[in-house]
Amino acid sequence: MNIISLIFLILPLKIIISTDINKSNNGIHIKIYDNIAEITRSISPYTDLPMIFSQQEWYDIRSDSFRLVGDCIHIHAQIISFNRTSLNGQNILIKRNINNDTYTEGIMIDETRNLIQDLVDNTFYVITNDRIRYLSIPPIRNYTVDFILDSYTNEQLYIRYLQNNIKWKVHYDLLLENNDTYSVLQAYAAVRNNGDTSLIIDFAELISGDVNIQSTTNDGSSSGGGNPVYAGFADANSQQSESTPMMDFAAPTISQAEELVGVYLFRINETFILDPRSTFILPMFRPKIHIERYGSIEKYFFSNDNHGNAQRAYRLRVEDHFLPAGKVFVRESDRLVGEISWSDIGANQTNEFELGRDPDLQFIEYVQLDSRRNISSGNSFHLILSTYTIDLHLINNKQRSVTFEYRLKFSSQDHLTLKYNATNSSIEMDGASLTGIFELNANNEQQIKFTFETQ
């Protein structure tokens, strides 16, 4: 027997109470991050301490995160212990021969290895679990959390801890139309419960931004993805779908983002149920967007002729809205044309992304070496500078006008010089790049010629 007794002290009164935490899943407040959640429960020191967690529940909890919160308490100690009853020394029944269903008496010597004593011939050996039958219910391993404290009032106390099988992330639908006035960005919050317990949540905050909180080793992802639960609908495969149907609650709504010292939070003020092994998906914001489409040519300089296709590129800006990191489905005229991911994007910040090559937008570079010259650096090291002329052809085979954005990159801007620009100064230097923006009408071709010197 290996049971640790814990004492809860409040003034002269001594209380020893054991209550399963699974019986108090109502009324929780939760702050959910992208890899972990902080749960806050109201507790009574008379009925809820010590708190008891099963081994599986404990596997998803950060044991160093427990905090008891109250204005009028003085905590003397916090005790976390592993409680279990050992099978060692207990009588069991064993199948001595795997080809015979006869069971005989034995004694468990070491349950960690299934080392048993066979009472028939008084020998010792290790067997598999399927060859053991128990004469009593096997012990349940659990963990307890208790506090030794002084309390001076009857105020409500709260327990906080981190649990890594609850998390959230953002999904987006970027719905684009030919008339950009009707283009829409719709955000969704996907709240995931990888645990085996249904949670009734009275209040939640979804927190986004560059927040670094270490999760425990197992994030529950190996347990399977589960079925998503959309707002107002129960997961048919959920263990709790019959006893706690989702339709008992109105679908909650998510507030607008609130900035807090560089991170953002979204509140859910209505009660909702987070079923086990499920994903609860709620619509978030639907901001006004500014979208720009163009053909992007971005490449490093090579001294030989080149040709290829421009990328289908987009430039997105959202006014007055922080966009949390997430995955994005991009649709054009209700057709899925690509999927991307972006990191956190601030309000009014421009985000550029590409979806793939466009076969109708082509470029050809004819590269000519004009001259070479040697120069000497301060340490008598000689450099060779080369002068090149590029004859760039841009081709638009579409039935509409298109903007091309051209960027020719170099490994360094040292000794990079734009010497001649034959097309109305359309090529400019930008650090270690030569860039240009060109508008091409439908079924049109444009020629750009420029000369530069580089190392």
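The condition of being more than 23 Å from residue 35 (Cβ to Cβ), open to solvent by 80 Å² or more (accessible area, probe 1.4 Å) and not hydroxyl-bearing (Ser, Thr, Tyr) holds for only one of 311, 349, that being 349. Only one of the numbered conditions (1) part of a strand (DSSP E or B); (2) at pLDDT below 95; (3) closer than 30 Å to residue 389 by Cβ; (4) not hydroxyl-bearing (Ser, Thr, Tyr) is violated by residue 299, and that is (2).
Would you confirm whether or not the stretch 294-314 contains a residue that is without any contact (Cβ under 8 Å) to a residue 40 or more places away in the chain and out of contact with any helix residue (DSSP H, G or I) (no Cβ under 9 Å at 6 or more places or on another chain)? Walk me through it before giving the result.
Pass one, the stretch 294-314, residues without any contact (Cβ under 8 Å) to a residue 40 or more places away in the chain: none.
Within the stretch 294-314, none of the residues are without any contact (Cβ under 8 Å) to a residue 40 or more places away in the chain and out of contact with any helix residue (DSSP H, G or I) (no Cβ under 9 Å at 6 or more places or on another chain).
The residue list 413, 399 contains one member that is closer than 20 Å to residue 303 by Cβ and open to solvent by 50 Å² or more (accessible area, probe 1.4 Å), which is 413.
Going by the conditions given, is residue 363 in contact (Cβ under 8 Å) with a residue 60 or more places away in the chain, out of contact with any Cys (no Cβ under 9 Å at 6 or more places or on another chain), closer than 22 Å to residue 396 by Cβ and open to solvent by less than 30 Å² (accessible area, probe 1.4 Å)? In short, yes. Here's a check for you: in the stretch 34-55, which residue that is closer than 28 Å to residue 190 by Cα and not in a strand (DSSP E or B) is most open to solvent (accessible area, probe 1.4 Å)? So the residue we want is 34. For the stretch 380-394, filtered to residues that are farther than 17 Å from residue 303 by Cα and either within 44 Å of the chain's Cα centre (by Cα) or in a strand (DSSP E or B) (or both), the residue that is modelled with the highest pLDDT is 394. Residue 190 falls short on exactly one of the conditions (1) over 24 Å from residue 319 (Cβ atoms); (2) open to solvent by 10 Å² or more (accessible area, probe 1.4 Å); (3) not charged (D, E, K, R), and that condition is (2). Within the stretch 419-452, being within 20 Å of residue 372 (Cβ to Cβ) and open to solvent by less than 50 Å² (accessible area, probe 1.4 Å) holds for 434, 450, 451, 452. The number of residues in the stretch 247-273 that are over 23 Å from residue 173 (Cβ atoms) and either open to solvent by less than 20 Å² (accessible area, probe 1.4 Å) or in contact (Cβ under 8 Å) with a residue 60 or more places away in the chain (or both) comes to 4.
Considering the stretch 395-422, the residues that are of a type in the set (Ser, Thr, Tyr), assigned to a loop (DSSP other than H, G, I, E, B) and more than 20 Å from residue 306 (Cα to Cα) include one that is nearest to the chain's Cα centre (by Cα), namely 412. A count restricted to the stretch 337-346 and to residues that are assigned to a loop (DSSP other than H, G, I, E, B) and open to solvent by less than 80 Å² (accessible area, probe 1.4 Å) stands at 2.
Would you confirm whether or not the stretch 287-294 contains a residue that is within 30 Å of residue 389 (Cα to Cα) and surrounded by 13 or more Cβ atoms within 10 Å (Cβ to Cβ)? Yes: the stretch 287-294 contains one or more residues that are within 30 Å of residue 389 (Cα to Cα) and surrounded by 13 or more Cβ atoms within 10 Å (Cβ to Cβ).
One line per residue, one yes/no per condition, for (1) open to solvent by 60 Å² or more (accessible area, probe 1.4 Å); (2) within 18 Å of residue 56 (Cα to Cα):
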site: 141; (1), (2): yes, yes
site: 144; (1), (2): no, yes
site: 147; (1), (2): no, no
site: 151; (1), (2): no, no
site: 154; (1), (2): yes, no
site: 157; (1), (2): no, no
site: 167; (1), (2): no, yes
site: 175; (1), (2): no, no
site: 184; (1), (2): no, no
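Could you tell me whether residue 330 is of a type in the set (A, V, I, L, M), part of a strand (DSSP E or B), under 30 Å from residue 173 (Cβ atoms) and open to solvent by 40 Å² or more (accessible area, probe 1.4 Å)? Against the criterion (of a type in the set (A, V, I, L, M), part of a strand (DSSP E or B), under 30 Å from residue 173 (Cβ atoms) and open to solvent by 40 Å² or more (accessible area, probe 1.4 Å)), residue 330 does not qualify. Please work out if residue 427 is more than 45 Å from the chain's Cα centre (by Cα) and over 30 Å from residue 332 (Cβ atoms). The answer is no for residue 427.
The values are calculated or read from the model by the stated rules, or taken from the named source; none is laboratory data. For clarity, every value in this text was computed on a predicted model and none was experimentally measured. When we count neighbours, we look across all protein chains shown, and the Cβ atoms used for this are built from the backbone with ideal geometry, even at glycine. Surface accessibility is based on the protein's heavy atoms, side chains included, excluding ligands, DNA and RNA. Shrake-Rupley method; radii C 1.70, N 1.55, O 1.52, S 1.80 Å.
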